[in-house]
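Read-outs: derived from the displayed coordinates by stated rules, not from any lab. Since this is a predicted model, take the numbers as computed values, not measurements. Neighbour counts are summed over all protein chains in view; Cβ atoms, including those assigned to glycine, are modelled from backbone coordinates with ideal geometry.
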Amino acid sequence: MAQKPSIPKGTRDFSPAEVAKRNFIISTIKEQFELFGFQPIETPSFENSETLLGKYGDEGDRLIFKILNSGDFISKVDDVTYSSKKSSSIAPKITEKALRYDLTVPFARYVVMHQNEIDFPFKRYQIQPVWRADRPQKGRFREFYQCDADIVGANSLLQEVELVQLYDAVFTNLGLVGTVIKMNNRKVLSGLAEVIGAKHLLVDFTVALDKLDKIGEDKVKQEMLSKGISENAIAIAAPLFAMKGSATNQLKQLETLLQDSQVGMAGINELKEILITVGELGLKTATLQLDVTLARGLNYYTGAIFEVAAPSSIKMGSIGGGGRYDDLTGIFGLKDVSGVGISFGLDRIYLVLEELHLFPKTVDQSLQVLCLNFGEKEALAALKLISKLRGHGIKANLYPAAAKVQKQFKYADKRNVPFVVIIGAEELSRNEFILKDMVSGEQKSCSLDDEPSSFLNEFNGNA
RNA sequence: GUGGUUGUAGCUCAGUUGGUUAGAGCGCUUGAUUGUGGUUCAAGAGGUCGCCGGUUCGAACCCGGUCUUCCACCCCA
């Protein structure tokens with residue numbers, strides 16, 4: 001019985017055109033990663049559960065895909081645990097492995113395991129899929145690619161500056177103009193929690209603050225109150241809600257607010273230094289913006305925090321993010337190794353480029369020349385020409401059968417082939433071929449003996 | 001994980017208070033056109049109406065379940 005095939009929720013098939021576009025993004029990112037001196041690594045699709053669990057908070061743990069043990073795993077669970085019927089107690093005993101949830105934690109594991117072979121500072125990049133058991137939405141999938149670049153073993157703020165430049169370089173090369181790199185500093189957020197007397201509520205405070213531009217001032221205050229932050233504390237933090245304008249202006253306000261917080265002032269100084277240096281160097285198409293309401297996942301970030309927003313005309317979640325984490329490898333037993341990194345959301349960048357029609361026209365051009373097939377002798381001559389063309393890096397093919405000319409032309413049209421070569425009996429007798437431009441409809445005769453260089457310029461303009 | 005939403009031809013969608021052979025546009029195949037595609041004209045193929053069950057003389061339509069889609073939360077790329 002034939003059943004209708006399907007794929008799991010939140011996963012996708014990619015057609016040739018889609019793969020071509022994705023590869024365009026990936027190769028652009030890769031090229032810049034390498035220009036900035038990052039080296040590629042890869043890690044397994046799945047890790048030991050204990051490597052991943054507890055690293056992303058309770059919410060994160062819930063979203064980790066767990067892999068059922070092989071063999072008779074049920075019999076290995078003790079009776080007490082089994083009869084408790086509590087998934088949370090049973091799951092760890094029957095799922096010893098789990099799919100990777102992001103690339104940062106596996107990277108931390110990698111650094112710790114290979115610390116003796118690595119030359120620090122280590123700049124690595126990694127482009128691989130990750131899996132999350134989330135509910136899919138626009139731009140949210142259960143399987144998606146992350147493109148990460150991280151630097152470990154370097155404390156200098158120049159790393160942050162370089163990463164901002166890297167964002168700018170990638171998005172510029174993708175043709176995506178007008179991205180906004182939002183920057184904040186975890187120390188500033190800590191300082192704020194400190195001066196409003198809600199140090200123990202740091203996470204609740206920042207999560208609420210992060211929603212400011214989405215739900216508005218009133219609702220943010222409401223959420224803060226419901227989390228146990230006093231009215232008085234919110235009043236002290238009030239300037240944050242109205243913080244606008246230039247970075248220097250905002251920093252001045254922050255300084256007044258945080259003057260009694262050592263950690264807060266440290267954060268401000270870091271922000272200043274990064275802003276000033278980036279200002280000196282300049283950015284091509286992106287803008288670096290200070291955003292004190294930016295929070296992101298606070299689980300491991302300790303310094304700078306970045307998030308990239310698509311141009312304002314597009315409604316889309318962040319297309320990249322990152323930050324400084326001083327002690328990521330600490331959880332795996334390696335102390336005092338500072339890391340800082342950024343991530344590109346391939347799938348969302350794809351949606352943005354698609355929506356703005358920014359993919360180059362030739363990006364999914366899988367064939368540049370199609371030679372029509374008129375029979376054995378003619379096909380042989382065509383194959384000789386095709387070899388020459390391929391030698392010059394031109395994607396060329398022979399139509400595999402001597403089908404109706406009309407059908408062959410239709411095929412060329414469907415596949416968006418810009419040029420068709422016609423070698424029929426007549427052309428062959430004159431040792432010639434006809435080159436037809438499918439866009440303009442023009443065609444001209446060329447000699448089969450000519451070096452392709454004589455008509456190659458045709459392709460440069462149109463193919 | 002919570003609340004809602006969607007599913008009919010390859011695609012985008014119509015479809016009467018439940019009633020006989022379920023429609024359109026686009027696409028596809030063939031022909032007009034035995035050496036010229038995109039435009040045009042004609043003909044044709046293609047659907048157990050997401051799946052399972054229930055109500056009914058009768059279900060694309062009503063009810064329950066399930067899967068899927070999209071959306072708002074949660075969280076996040």
So what's region A:168-251 giving for Rg/Rh, alpha carbon basis, Kirkwood Rh from the mean inverse pair distance?
-> 1.07
If N is the residue count of region A:193-301, its Cα Rg over 2.2 N^0.38 Å rounds to 1.11
How about A:Lys55: which lysines have a C-alpha closer than 19 Å to its C-alpha, ignoring those fewer than 8 places off in the same chain?
-> A:Lys66, A:Lys93, A:Lys97, A:Lys335
Ratio of region A:63-117's C-alpha Rg to 2.2 N^0.38 Å, to two decimals?
-> 1.50
Find the all-direction average of the projected area of the Cα convex hull for region A:277-398, expressing the result in square nanometres with one decimal place.
-> 14.1 nm²
Magnitude of the Cβ-charge dipole of region A:42-123, K/R +1 and D/E -1, about the Cα centre, nearest 20 debye?
-> 220 debye
Centre separation in Å (Cα based) which lies between region A:191-224 and region A:116-150 | 29 Å
Among all the lysines, which ones have a C-alpha under 29 Å from A:Lys388's C-alpha, if same-chain residues fewer than 8 places away are not counted?
-> A:Lys21, A:Lys361, A:Lys377, A:Lys404, A:Lys407, A:Lys410, A:Lys414, A:Lys436, A:Lys444
So which helices of chain A fit the span-like rule, where a helix is a whole DSSP H run, its Cα atoms reach 20 Å or more along the axis, and its mean Kyte-Doolittle is at least -1.0?
-> A:16-35, A:158-173, A:262-281, A:376-391
Taking Rh as the Kirkwood radius computed over C-alpha pairs, what is the Stokes-Einstein D of region A:35-154 at 20 °C in a medium of viscosity 1.002 mPa s, expressed in µm² per second?
-> 132 µm²/s
Distance between Cα centroids, region A:55-87 to region A:169-183: provide it in whole Å.
-> 42 Å
Jot down the radius of gyration and Dmax of chain A, Cα atoms only, both in angstrom.
-> 28.5, 94
Rounded to whole Å and ordered largest first, report the semi-axes of the equivalent ellipsoid of region A:89-152 derived from its Cα gyration tensor (root of 5λ).
-> 26, 19, 7
Tally Lys and Arg at +1 and Asp and Glu at -1 over the other residues with C-beta under 13 Å from the C-beta of A:Leu334: what net charge comes out?
-> -1
